[in-house]
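Okay, so here's the structure we're looking at.
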Amino acid sequence: MRVIEVSMEQCRNERAEKTGDPEKTRRSAASSGTTCDIVHHTTNMCSSLSKALHHGAQTVARQELRGISDQGRRSHTAANMAVVVPTVQFHNGYKMPLLGLGTFLASSEVVGAALDTALRAGYRHIDTATIYENEAAIGEVLQKWLKSGRVRREDLFIVTKLPGSGNRAESVEKYLKKSLEALQLNYVDLYLVHSAMGSLEQVGAARGPRVPDVTTDHISIWKAMEAQVDAGRARSIGLSNFNSRQIKRIVKEARIRPANLQIELNVYFQQRELAAFCNALDITVCAYAPLGSPAFADHLKQRNGEDAE
């Protein structure tokens with residue numbers, strides 16, 4: 001599950017409604033130096049979503065008890081009852097649902113069923129990446145939903161990412177085209193540079209620890225990312241796992257500014273300064289592992305050939 005921080009104005013409005021004192025709220029928000037209290041917002045939104053999902057499930061159950069026998073009609077009714085998740089707007093006008101399904105560490109064998117269930121529950125923001133190795137399985141499920149008419153392409157928000165092994169200008173288009181082919185889509189809604197440090201491409205089935213590419217050039221990579229927007233293969237572009245200094249360099253040279261930064265963000269690792277920095281630049285922030293990721297340490301050990309405890 002993924003949660004994106006809302007804007008400063010949204011947080012102020014929420015707090016003003018609760019306190020009844022807009023001026024006090026504005027002073028509090030300004031002094032905090034961040035966009036909002038992510039724990040507060042996450043809890044409220046998850047609570048609202050749970051209530052909506054519960055209501056939706058009750059509604060579908062009542063419809064079925066009424067004896068609707070036509071399978072097509074029942075599927076259409078369930079799809080139309082999907083929960084409407086609030087969105088955040090990028091600087092270019094496109095909107096991203098605040099709640100999304102993360103698919104990191106979800107194998108092709110399990111991600112299909114998980115995605116199908118998520119779509120039925122109302123998820124429309126789906127996050128994947130080349131290195132997750134599950135784009136093809138995700139594409140199969142998306143096509144079933146699109147072809148059946150249960151969802152429209154414009155209702156989906158699909159995110160994927162340039163792998164570290166593609167962190168060079170001449171590789172950006174190649175990797176995005178591979179992702180689009182696997183996802184069976186003509187474009188993605190958001191394409192991210194997955195990591196600030198590039199790595200050397202490894203040839204063959206056997207893979208060892210990643211070897212850093214010390215020639216990584218963020219500016220040339222970003223120019224190639226902008227070209228993907230121009231070509232219509234990505235509606236918005238952004239960054240993942242970048243720090244403020246790296247972001248500042250890119251923004252200074254960018255023709256198309258980053259729309260989003262995806263970083264680890266949770267109650268134990270709030271990154272308030274980085275979130276405030278992005279807010280000042282009108283770059284939205286998306287949290288991965290908002291509830292923590294206890295399996296990640298074992299994943300890193302296995303990837304580097306170490307024994308997981």
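Applying a threshold of 6 Å to beta carbon distances and a minimum spacing of six or more residues, or different chains, the list of pairs starting in region 236-251 at a residue that is over 14 Å from T284 (Cα atoms) and ending at one that is modelled with pLDDT of 95 or more and of a type in the set (F, W, Y) reads I250/W222. Kindly check whether there is at least one residue in region 199-215 that is under 30 Å from V83 (Cα atoms), of a type in the set (S, T, N, Q) and surrounded by fewer than 17 Cβ atoms within 10 Å (Cβ to Cβ). Looking through region 199-215, none of the residues is under 30 Å from V83 (Cα atoms), of a type in the set (S, T, N, Q) and surrounded by fewer than 17 Cβ atoms within 10 Å (Cβ to Cβ).
Do we find a residue being on the phi > 0 side of the Ramachandran plot, more than 18 Å from the chain's Cα centre (by Cα) and either among the hydroxyl-bearing types (S, T, Y) or at pLDDT below 95 (or both) anywhere in region 264-277?
Start the filter on region 264-277 by keeping residues that are on the phi > 0 side of the Ramachandran plot, which leaves 271.
Okay, now just the ones that are also more than 18 Å from the chain's Cα centre (by Cα), so none.
No, region 264-277 contains no residue that is on the phi > 0 side of the Ramachandran plot, more than 18 Å from the chain's Cα centre (by Cα) and either among the hydroxyl-bearing types (S, T, Y) or at pLDDT below 95 (or both).
In region 211-232, the residues that are at positive phi reach residues that are buried (at least 16 other Cβ atoms within 10 Å of the Cβ) with C-beta atoms within less than 8 angstrom, at least six apart or across chains, in these pairs: G232/Y187. Put simply, of A182, A196 the only residue that is surrounded by 14 or more Cβ atoms within 10 Å (Cβ to Cβ), part of a loop (DSSP other than H, G, I, E, B) and touching a residue at least 12 places away in the same chain (Cβ under 8 Å) is A196. Just one of the numbered conditions (1) crowded, with 20+ Cβ neighbours inside 10 Å; (2) over 16 Å from V188 (Cα atoms); (3) small (G, A, S) is not true of A129: (2).
When the residues of region 240-257 are filtered to those that are touching a Ser or Thr at 6+ places or on another chain (Cβ under 9 Å) and within 20 Å of I131 (Cβ to Cβ), which remaining residue is surrounded by the most Cβ atoms within 10 Å (Cβ to Cβ)? Among residues in region 240-257 that are touching a Ser or Thr at 6+ places or on another chain (Cβ under 9 Å) and within 20 Å of I131 (Cβ to Cβ), the one surrounded by the most Cβ atoms within 10 Å (Cβ to Cβ) is F242. Of all residues in region 291-303, those that are surrounded by fewer than 11 Cβ atoms within 10 Å (Cβ to Cβ) and either modelled with pLDDT under 70 or of a type in the set (K, R) (or both) total 0. The single condition among (1) in contact with a Ser or Thr (Cβ under 9 Å, 6 or more places away or on another chain); (2) without any contact (Cβ under 8 Å) to a residue 40 or more places away in the chain that L291 does not satisfy is (2).
In the set G100, G149, G139, only one residue is farther than 17 Å from S195 by Cβ and within 14 Å of the chain's Cα centre (by Cα); that residue is G100. All but one of (1) closer than 16 Å to A129 by Cα; (2) buried (at least 20 other Cβ atoms within 10 Å of the Cβ); (3) not small (G, A, S) hold for T284; state the number of the condition that does not hold. Unmet condition: (1). Within the option set R210, R153, being at pLDDT below 95, among the basic types (K, R), touching a helix residue (DSSP H, G or I) at 6+ places or on another chain (Cβ under 8 Å) and farther than 22 Å from I283 by Cβ holds for one residue only, R210.
The values are calculated or read from the model by the stated rules, or taken from the named source; none is laboratory data. Every value quoted in this text rests on a predicted model; they were computed, and no experiment measured them. FYI the Cβ positions are ideal-geometry reconstructions off the backbone, even for glycines, and counts take in every protein chain you see.
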